[in-house]
Amino acid sequence: MKNNAERSGDASAQLMEFADRLGSQLDRIGFPANPKRAAAFSERLGIPKTQAYKLLRGMAFPNLAGFIALKRMGISIDDILNSMGHIHLDLTKLVIGEQSVEAAVTLSAEDRGRVFVLERPDGRSNLLVLADGEKAPGNAQPVASLSFPQRRRLAIIEDNPQELAMLTAGMQGTFAAQALATAAQLFQQEVSDFDVFLLDWNLPDMPGREVVRQLRERTSAPIFILTGDMGASTDILDAMSTDPTVRLITKPTNVELINITLVNALTFARS
């Protein structure tokens, strides 16, 4: 029997394989290539550009409406699925506590367990885990299996509480984002466990250049410098010129743009 990590890895591999085969199908029908593909894909399917990037980069599966739209475009979904063999496509937006996450859910025909999903009016589902003797609501559906596609780990280091909260909330749907207010909090972590860093250049306890230097001693993951202080441009330019994986994002921030930028950086690093 597979453990949760193995199931999560399977789901991530399936997402990437689906994206690769979708890309081949889009090439076949002459769909616009990068860098225009995501924008054209977004417009054709009637979905936000961030969602289009996730589909093309192997971070999400289409929903039912998306599959129908793809077929209308001339994409052979049957060919994709047949070539992949077994695949788990039942991705559901699950609300667990206060957080909404995507999960691969297989429903059961029989009520033999304690885990259920309850559909909500907003299109998401609540995950219900029943205690002994507790009965599920009549409209709850029993779950046979449940797994979560693996998300890349993002460290957000920002000393402004409002901005930190805004960034963390906006990035959490794409990344497993951890909010940190100081460099000290960052270096209390095992920084090599993170896949990407979003770093405010003007932290109260350590200069940005020193944070970058110490990070580079422990990890080669991409670092994105976040600042509105153009007076620091010389130091930032020095950091970027010696390391192509150190990049600049200027304030005020656009969370949708940051999501796309970080997804692209990790995709190209992986390819």
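Each value in this text was obtained by applying a stated rule to the coordinates, not by laboratory testing. Please read all numbers here as calculations on a predicted model, not as lab measurements. Methodologically, a virtual Cβ is constructed for each residue, glycine included, from the backbone with ideal geometry; neighbour enumeration extends over all protein chains shown.
Counted residue by residue at 0.36 nm each, then reduced by the alpha carbon distance between them, the extension gain from L118 to Q162 reaches 12.6 nm. When the chain is described by a simple charge dipole with +1 on each Lys and Arg Cβ and -1 on each Asp and Glu Cβ, the residue from G58, P222, I236 located farthest towards its positive end is G58. Ranked for footprinting exposure by Cβ neighbours inside 10 Å, fewest first, T234, T182 give T234, T182.
The stretch between K71 and L130, if pulled fully straight at 0.36 nm per residue, gains 17.3 nm over its current Cα-Cα span. Here the simple spin-label model places points 7 Å from the Cα toward Cβ, and for Q214 and A13 these points are separated by 3.8 nm. Determine the shape class of the stretch 153-270: with a ≥ b ≥ c the square roots of the Cα gyration tensor eigenvalues, call it rounded for a/c under 1.5, and otherwise prolate if a/b is greater than b/c, oblate otherwise. Rounded, because the longest to shortest axis ratio a/c is under 1.5. Note on V191 and T234: the extension gain reaches 12.9 nm, defined as 0.36 nm multiplied by sequence separation minus the Cα-Cα distance. Ranked by the mean number of other Cβ atoms within 10 Å per residue, highest first, peptides 195-208, 100-113 order as 195-208, 100-113. The reciprocal of the average 1/r between distinct C-alpha atoms defines the Kirkwood hydrodynamic radius, which for the stretch 214-263 equals 11.8 Å.
Seen through its C-alpha gyration tensor, with square-root eigenvalues sorted a ≥ b ≥ c, the chain comes out oblate because a/c lies at 1.5 or above while a/b is not bigger than b/c. Two decimals is fine: what is log10 I(q)/I(0) at q = 0.28 Å⁻¹ for the stretch 91-147, from a Debye sum with one equal scatterer on every Cα and no solvent? Here log10 of I(q) over I(0) equals -1.27. Centre-to-centre separation between the Cα atoms of the stretch 132-184 and those of the stretch 23-51: 28 Å.
Counting only residues at least eight positions apart within a chain, or on another chain, the lysines with an alpha carbon under 29 Å from that of K93 are K2, K36, K49, K54, K71, K135.
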